[in-house]
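The values are calculated or read from the model by the stated rules, or taken from the named source; none is laboratory data. Source: prediction; values computed, not measured. Neighbour counts are summed over all protein chains in view; Cβ atoms, including those assigned to glycine, are modelled from backbone coordinates with ideal geometry.
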Amino acid sequence: MAARPKPHATGKTKPGDISERVGVVELEKRGVNVKELIEKLIDAAGAEFTTYYYYTILRMHLAGHEDYKEICEDARLEDRAHFELITPRIYELGGSIPHDIREFADRAGCPDAYLPNPPTAAAILQVLLEAERCAIRTWSEVCDLTFGKDPRTYDMASRILQEETEHEAWFIELLGKERDGKIIPSGHFRRGNPGDAPYSKNRGFYNP
Ligand code: ZN
Ligand code: FE
């Protein structure tokens, strides 16, 4: 009996060729500019990494606001999880993060979340809020570039975007209360443990 045709058994990439990735060829066939995407992902990963670093400092200066500290800790650890989620994808696509951390920090796609002076709780919360907004803009752009063309990067970017959207809501709530005495509920539920992000860390399964 004649074997059923296997249309995907071979393609442009020669068998055994390790100089090319079918996982990239197929994206290019679908119109993704993979080079440009890698550069954007490196900038975005840099922003997640530096944000994680700067949030460490911001959190240290929220003493006396233990509730703010806990929310800040969630956002901090989730941004680290975002860095760890997206970095392997950069390598899969054939890219790499810079070998010098200074270069990495410099090319981060979002401004440094410096400790404000004076470091009042309201000023710190505004820095946190604006960092989340930059992250939302960043991951929305990655979603646009990959939607319908690169399901794997899109899935990761959209999971990160979901958490950044939550982070913005948290800091609107806290800044509203701290600066304006206004109650603007964010819908924050406690994570299982601080940083137990439902989408990026647990790969989509929320296990309190
Ligand atoms: Zn993040
Ligand atoms: Fe965030």
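See the values below:
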read-out: Region 149-173, subset within 21 Å of Y91 (Cα to Cα) and more than 14 Å from ligand 1 (Cβ to nearest atom), residue surrounded by the most Cβ atoms within 10 Å (Cβ to Cβ); value: T153
read-out: Members of region 130-147 that are of a type outside the set (D, E), in contact (Cβ under 8 Å) with a residue 40 or more places away in the chain and surrounded by fewer than 20 Cβ atoms within 10 Å (Cβ to Cβ); value: C134, L145
read-out: Some residue of region 68-78 being more than 16 Å from ligand 1 (Cβ to nearest atom), over 14 Å from the mean Cα position of the chain (by Cα) and among the hydrophobic types (A, V, I, L, M, F, W, C); value: no
read-out: So G46, is it among the small types (G, A, S), under 30 Å from E173 (Cβ atoms) and either within 15 Å of ligand 1 (Cβ to nearest atom) or surrounded by 19 or more Cβ atoms within 10 Å (Cβ to Cβ) (or both); value: yes
read-out: Number of the exception - C72 against (1) farther than 30 Å from N117 by Cβ; (2) surrounded by 18 or more Cβ atoms within 10 Å (Cβ to Cβ); (3) out of contact with any Gly (no Cβ under 7 Å at 6 or more places or on another chain); value: (1)
read-out: Test for L77: is it surrounded by 18 or more Cβ atoms within 10 Å (Cβ to Cβ) and more than 11 Å from ligand 2 (Cβ to nearest atom); value: no
read-out: Matching residues in region 94-109 - criterion: being within 18 Å of L37 (Cβ to Cβ), under 18 Å from the mean Cα position of the chain (by Cα) and surrounded by 12 or more Cβ atoms within 10 Å (Cβ to Cβ); value: G95, I97, P98, F104, R107, A108, G109
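Conditions tested, residue by residue: (1) in a loop (DSSP other than H, G, I, E, B); (2) in contact with a His (Cβ under 7 Å, 6 or more places away or on another chain); (3) at pLDDT 85 or above.
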residue: A157; (1), (2), (3): no, no, yes
residue: I160; (1), (2), (3): no, yes, yes
residue: S186; (1), (2), (3): yes, no, yes
residue: A197; (1), (2), (3): yes, no, no
residue: P208; (1), (2), (3): yes, no, no
